Amino acid sequence: MSITNDQTKMLIQMIKEFTANELAPIDMQIDRAGDYPDGLFQKVVNTGLLGITLPREYGGAAFDYQAAAESLEKMATGNASMAVTLEGHFKTIEQFIKYGNKSLNDEYLPSAAKRIFAFSMTEPSGGSNPKGIATRAIKQGDNWVITGDKIMITNGGLAEVYCVLAKTEDDQMAVFVVDKDMPGFKFGKREDFIGLKGVPVGEVVLNHVVVPDNHLLGRIGQGLEIGDNAHADARVLMGAVLAGIMEHELQTAVNYSKERKAMDTPLYQLQVTQEKIADIAIAKENTTALYQKGADNKVANKPYAEVAAMAKSYGSRSAVASGDKALQILGGYGYSHEYPVEHLIRDARAMELAEGTIEKMNLEITNAEIAK
Amino acid sequence: MKIVVGIKQVPETDSVKIDPNTNNLVRSGIQGIINPFDKNAIEAALQLRDQAGGEVILLSMGPDSYTTSLRDGMAMGADRAVLVSSRAFGGADTLATGYTLAKAIEAIGDVDLVLFGRQSVDADTGQVGPIVAEFLQFPQVTFAETLELDSEKTLVAKRQLDSAVQDIKLTLPAVVTVRKELNTPRYETPVNIKESFEKPITIWTEADLNLDLAKIGQAGSPTKVTKVYAPTKDVKKTVTLSPDPAQAVSELLSQLD
């Protein structure tokens, strides 16, 4: 059955209610504590949010990427961390749907509405140079033996299933699915990042982890393609999260500018404030247009990697700059932990780096333009 | 256990307008939602179904647009829905509504329990549940704060009164209206939202029910609304006090004199 506007409308309304009741009230608490409170993630699972994009035959709701992206935008207006946690899961599920063989998908996807799946490419040697990775997959009979160290994994430690980029003996790139319960699998340290404090970002150490042949995602030699595809999928959703962060910045600035007066004049009536509010609102709308175009193109089977890179490059820079403008409107309160603006800047700053730096985005956008 | 939950679609906004000609609420153009107390009734029904098995059927009376609220209820997990809808039911007061819903419940057949929210947030009467119980000749408990299955054919409910708490055991079939303290309604889920479009909504008109036409709609409604109006907010005088606390106290005292 195709997805109707009414279904998406109900989903978005439900996400708004969940966000307003469960996430927005503890947004500051999550930032201060540096983690999700006990029980919150379970509520997300119980409400079926991990299964928004998962196919129906695997127990999901099979909403399309437009609906998933808009859901994350609305969620990020209340708490960006949980939206990024779901982004990491959704982009990984997309790779199973696109590249997974039937026996792998039948084995893993039925659990994907209950547990987080993660994608891990980055290694201590670097993130944006996947060809330089050291993780090895050695064929032994019908199995693969994987050894290596993956870092900066979104949801590392929270996720239970990991797609791991590795090199074969003949230096071909491939992605393997590894389960946290497999012998030789170990969690490493959690990064102490300055923003998106709820999202665990951590390390996974694989010491001769043996996986069966059907745990190969796609084909041998397809690793980089799958990695690029996962990046593009992630960047669409990050654009959505950034639009949500900017909405949060905008609302905070607008509300404050109505309440606060300078010489008996509400701040919003001052031209210096208007310029900042208008800039934030325009940047938010532009980011929304970019991520929605990315999602629309993906659903329509048109190329979307370039516009996805634009959504993240433009969106992340805009959200950081917009946060700074909102901070300036709030003055000293903006610089205080009492208001959310300072943590929104820290949250947005993560996305100038994650899933490829701005510089990497701009390189890819330029390459795409040169090739036209 | 076959449970029917009566739900009403109410305007989402608090700023309800009244048509000066008809004295009725203007509902067009305003997003409709499930009456919040009815969500507690749906939640109670789902919990009882999960415990005892059976099905939860949503029942409402109103125009086609009420299907959005019925879908919302099914997205919480209800199994199917019945909408009683026809121009003939228009203008019904609580008596005619209660009569019509009772006839629909008879038509559904073999119903063990009928749940309602304690009242609607737009009309605030709290009458429809009790009226349905009277027409069906079912025992009823209103304003239930707890509701538990006691045996296959009995429920136990707690009612909070001003100076006492009543524990009531009632034999099924029965009607219960519930307070919001009873439970926390579950969220819709993405999967249930999709499924809500695959579950049936049966639409019945007066032709589908065994009705006395004189008891439905405007004709069956003894209540005559002579005037409904929004209270005007009348700010008589505003005085801004001095920012200096001592001066402000002195000014305030002089105002109170």
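Values quoted throughout were computed directly from the atomic coordinates according to the rules given, and no laboratory measurement underlies them. Keep in mind that this is a model prediction, so the values were computed, not measured. Glycine gets a Cβ as well: all are built from the backbone with ideal geometry, and neighbour counts include every protein chain shown.
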(request) For chain B, set up a Gaussian network in which alpha carbons nearer than 10 Å are linked by springs, and say which option among B:Asp150, B:Asp122, B:Asp162 fluctuates the most. (result) B:Asp162
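Using the Cα atoms as the points, what is the convex hull volume per residue of the range A:32-161 in Å³?
That works out to 141 Å³ per residue.
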(message) Tell me the mean residue ellipticity at 222 nm calculated for the protein assembly as shown from its helices only (DSSP H runs of n ≥ 4, each -39500 (n - 2.57), averaged over every residue, nearest 500).
(response) -13000 deg cm²/dmol
(request) Quick one: which residues, 5+ away or cross-chain, put their amide H under 5 Å from the amide H of A:Leu217? H built at 1.01 Å from N. (result) A:Val175, A:Phe176, A:Val177
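Tell me the relative contact order for chain A as a rounded percent, counting alpha carbon contacts under 8 Å between residues six or more apart.
Values: 710 pairs, mean separation 59.9, N = 372.
Computed over chain A, the figure is 16 percent.
Per residue of B:189-201, how many C-beta atoms from partner chains lie within 10 Å of its own C-beta, taken as a mean?
6
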(message) Helix A:271-299 against the longest principal axis of chain A: what's the angle in degrees, Cα atoms only, rounded to the nearest 10?
(response) 30
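Scaled to the compact-protein estimate 2.2 N^0.38 Å, what is the alpha-carbon radius of gyration of the protein assembly as shown, rounded to two decimal places? Mind showing how you got there, number by number?
On the way: Rg = 29.0 Å, N = 629, 2.2 N^0.38 = 25.5 Å.
So the Cα radius of gyration is 1.14 times the expected 2.2 N^0.38 Å.
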(request) Go through B:Lys17/B:Lys233; A:Lys9/B:Lys8; A:Lys74/A:Lys98; A:Lys139/A:Lys167; A:Lys9/A:Lys43 and tell me which ones have a Cα-Cα distance over 18 Å in this structure. (result) A:Lys9/B:Lys8; A:Lys74/A:Lys98; A:Lys9/A:Lys43
(request) Output the peptides B:37-50, A:169-182 sorted from most to least packed, where packing is the average of other Cβ atoms within 10 Å over each peptide's residues. (result) B:37-50, A:169-182
(request) Sticking with the crude label model, points 7 Å out along Cα→Cβ, report the distance from B:Glu106 to A:Gln328 in nm, one decimal please. (result) 7.3
(request) Run through every distinct alpha carbon pair of the range B:191-257 and return the Kirkwood hydrodynamic radius in angstroms, one decimal place. (result) 19.7
(message) What is the distance in Å between the Cα centroid of the range B:91-165 and that of the range A:1-76?
(response) 34
(message) Need the list of aspartates and glutamates near B:Lys158 for cross-linking: C-alpha distance under 16 angstrom, and skip anything on the same chain fewer than eight residues off.
(response) B:Glu145, B:Glu148, B:Asp150, B:Asp167, B:Glu181
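Would you mind putting B:125-131, B:104-110 in packing order, based on average other-beta-carbon counts within 10 Å, highest first? All intermediate terms of the calculation are to be shown ahead of the outcome.
Numbers: B:125-131: 20.4, B:104-110: 15.1.
Result, highest mean first: B:125-131, B:104-110.
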(message) With just the Cα atoms defining each centre, how far is the range A:184-256 from the range B:33-86? Give it in Å.
(response) 39
(request) Report, to the nearest 10°, how far helix B:94-108 tilts away from the longest principal axis of the Cα atoms in chain B, using its own Cα long axis and a range of 0 to 90°. (result) 30
(request) Just grab the label-to-label distance for A:Arg56 and B:Thr205, each label 7 Å out from Cα along the Cβ direction, in nm (one decimal). (result) 3.1
(message) Going by amide H atoms built from the backbone, whose H comes under 5 Å of the H on B:Val141, apart from near neighbours?
(response) B:Val175, B:Val176, B:Thr177
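Per residue of A:5-15, count partner chain C-beta atoms within 10 Å of its C-beta, then hand back the mean as an integer. Intermediate results must be reported in sequence, preceding the final value.
Working: counts 0, 6, 7, 1, 2, 11, 6, 0, 6, 9, 3.
Partner Cβ neighbours, averaged per residue: 5.
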(request) Would you kindly derive the ³J(HN,Hα) couplings of the range A:56-71 from the backbone phi angles with the Karplus curve 6.51 cos²θ - 1.76 cosθ + 1.60 (θ = phi - 60°), listing them in order in whole Hz, with x for Gly and Pro? (result) 4, 5, 9, x, x, 9, 6, 6, 7, 6, 4, 5, 5, 5, 5, 4
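Looking at the range B:127-185, which GluC sites (Glu not before Pro) are DSSP coil and have at most 10 other C-beta atoms within 10 Å of their C-beta? Intermediate results must be reported in sequence, preceding the final value.
Details: sites: B:Glu134, B:Glu145, B:Glu148, B:Glu152, B:Glu181; in loops: B:Glu152.
Answer in residue order: B:Glu152.
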(request) Quick one: what are the phi-derived ³J(HN,Hα) couplings along the range A:327-333, Karplus 6.51/-1.76/1.60 with θ = phi - 60°, whole Hz, x for glycine and proline? (result) 4, 5, 5, 7, x, x, 5
(message) Show me, for the range B:217-230, the HN-Hα J-couplings you get by feeding each phi into the Karplus relation (A = 6.51, B = -1.76, C = 1.60, θ = phi - 60°), rounded to Hz, glycine and proline as x.
(response) x, 4, 4, x, 10, x, 6, 10, 7, 7, 7, 10, 8, 7
(request) Enter the Cα centre distance for the pair the range B:171-191 and the range A:116-176, rounded to the nearest angstrom. (result) 48
(request) Just tell me which aspartates and glutamates come within less than 17 Å, Cα to Cα, of A:Lys189; anything on the same chain fewer than 8 places away is out. (result) A:Asp35, A:Glu123, A:Asp149, A:Glu160, A:Glu203
(request) Give me the Kirkwood hydrodynamic radius of the range A:267-360, using the inverse of the mean 1/r over all pairs of distinct Cα atoms, in Å to one decimal. (result) 14.3
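Could you sort the peptides A:9-15, A:361-367 by per-residue average Cβ neighbour count (10 Å cutoff), highest mean leading?
Details: A:9-15: 20.6, A:361-367: 16.3.
Output ranking for A:9-15, A:361-367: A:9-15, A:361-367.
State the antiparallel share, in %, of DSSP beta bridges confined to the protein assembly as shown, rounding to the nearest 5. Show your work: numbers first, answer last.
On the way: 48 of 80 bridges.
Approximately 60 percent, going by the DSSP bridge assignments.
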(message) Taking the 0 to 90 degree range and rounding to the nearest ten, how far is the long axis of helix B:36-52 tilted relative to the main principal axis of chain B, both from C-alpha atoms?
(response) 30
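As an exercise, find the ratio Rg/Rh for the range B:2-226 from alpha-carbon atoms, using the Kirkwood inverse-distance average for Rh. Display every interim value, and only then the final one.
Details: Rg = 16.8 Å, Rh = 17.7 Å.
In the range B:2-226, Rg relative to Rh is 0.95.
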(request) Mind listing the long-range amide H neighbours of B:Arg80? Cut-off is under 5 Å, sequence gap 5 or more, other chains count too, H placed in the peptide plane at 1.01 Å from N. (result) B:Val56, B:Leu58
(request) Pull out a ≥ b ≥ c, the square roots of the eigenvalues of the alpha-carbon gyration tensor of the range A:87-163, then state rounded if a/c is under 1.5, prolate if not and a/b is larger than b/c, and oblate in the remaining case. (result) oblate
